[in-house]
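S.K.: Below you'll find the structure I mean.
Read-outs: derived from the displayed coordinates by stated rules, not from any lab. This structure is a prediction, so every number in the text was calculated from the model and none was measured. FYI the Cβ positions are ideal-geometry reconstructions off the backbone, even for glycines, and counts take in every protein chain you see.
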Amino acid sequence: MKERNMGPQYAIEGLEVYLAAEQQLGRLSDAVETRVLAKCLWMISIQSAMLDRWIGNKSNKVRISREIHDYVKTLMIGFEPRLPARQKKTLKKSLKS
């Protein structure tokens, strides 16, 4: 693939360039590593396509769009644990004391 100048790295690089431009425009946080996000988005799309192929699902643009939206939303929200509302109130009270 290297000899033919082909491979997934070019799709990832193109996505990374796009995400970097969005970052410069202020539409993507500076905290985001664009290369990592580009790889994540690429892997999500490849995994989704492979599952559809293996399971025999017909292409459904609405379902695919919804799935990708949900994946991106999850990435944007992050994986950091959140305190339940009751614990937040208790924590705030103890910090004020």
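S.K.: Return the sequence-ordered ³J(HN,Hα) values of the range 22-32 in whole Hz as given by the Karplus equation 6.51 cos²θ - 1.76 cosθ + 1.60 applied to θ = phi - 60°, using x for Gly and Pro.
M.R.: 4, 5, 5, 7, x, 9, 9, 4, 5, 6, 7
S.K.: Quick one: if you stick a label point 7 Å off each Cα along the C-beta vector at N57 and A11, how many nm between them?
M.R.: The modelled label-to-label distance comes out at 1.6 nm.
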